Amino acid sequence: RADIVMDVGNSLNPAIDIGQIEGAFTQGMGLFTMEELVWGDSDHKWIRPGNLFTQGPGAYKIPSFNDVPLDLRISLLKNAPNPKAIHSSKAIGEPPLFLAASVFYAIKNAVEAARVDHGLKGAFPMDSPATAERIRMTCPDEITKAVGVPSKFRPLGSW
């Protein structure tokens, strides 16, 4: 579930504003949880140096309909006009995109709880995007111990 209360001033068209907020939040969720850039470098020798591998739908994951929260509640803040803008409106594009950072930090908090359950306390590195592979390798258990993943392992990505 995700609840968003957005200050758009006096909305010119609430349906369009809500749609923009939904889209930006979903795009932000992709940014923080699945959109991973893989460049040719010493870690990825199979890609020509300086070339971007994750381009296009075959290798670059973007959010789809299935990635939208099942319960996404958007409401517009009332009585918050912007007297310096046309019809007292406000911008709605970027703020909801960055609100999706809350998804990344919720995942990191869940990973931290899993680590505490396995006796690991304290700070640990977790880079964005929080892909399924990074989450899995950051949560130590019998499997990661069996393959020798250290407790301070920093998963670099899914490629």
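Excluding Asp7 itself, what net charge comes from residues whose Cβ is under 12 Å from its Cβ, given Lys and Arg +1 and Asp and Glu -1? The answer is +1. Of all lysines in the structure, the ones whose alpha carbon falls short of 22 Å from that of Lys61, not counting any fewer than 8 places away in one chain, are Lys45, Lys108. Each Cα pair of segment 2-78 feeds into the Kirkwood radius, which the Stokes-Einstein equation turns, at 25 °C and 0.890 mPa s, into a diffusion coefficient of 165 µm²/s.
Counting protein heavy atoms only, segment 1-121 has 57 percent of its accessible area on carbon and sulfur, 1.4 angstrom probe.
Go from 0 up to the bin containing the longest alpha carbon distance in the chain, width 5 Å each, and give me the % of pairs per bin. That works out to 2, 8, 14, 15, 14, 13, 12, 9, 6, 4, 2, 1, 0, in percent per bin.
For the ranges 56-69, 23-36, 125-138, what's the packing order if you count other beta-carbon atoms within 10 Å of each residue, average per peptide, and put the highest first?
Descending mean neighbour count gives 23-36, 125-138, 56-69.
Compared with the direct C-alpha span, the chain from Asp3 to Lys45 gains 10.8 nm at full extension, assuming 0.36 nm per residue. For a modelled paramagnetic label at Lys78, 7 Å from Cα along Cα-to-Cβ, the residues of segment 1-41 in reach, with backbone nitrogen under 19 Å, are 4-18.
Protection proxy ranking, highest mean first, for peptides 6-12, 109-115, 41-47: 6-12, 109-115, 41-47, where packing is the per-residue count of other beta-carbon atoms within 10 Å, averaged. Placing pseudo-labels 7 Å out from each Cα toward the beta carbon at Asn109 and Leu52 gives an inter-label distance of 3.3 nm. Summarising the label geometry, the points placed 7 Å from Cα in the beta-carbon direction at Ser128 and Ala85 lie 2.2 nm from one another. Can you compute the helix-only [θ] at 222 nm over the chain? Use -39500 (n - 2.57) per DSSP H run of at least 4 residues, normalise by all residues, nearest 500 deg cm²/dmol. -10500 deg cm²/dmol, from helical runs alone.
The values are calculated or read from the model by the stated rules, or taken from the named source; none is laboratory data. Quick caveat, the model's predicted, so the values are computed rather than measured. Reconstructed Cβ throughout: ideal geometry from the backbone, glycine too, with neighbour counts over all protein chains shown. With ligands, DNA and RNA removed, areas are computed over all heavy atoms of the protein, side chains included. Shrake-Rupley method; radii C 1.70, N 1.55, O 1.52, S 1.80 Å.
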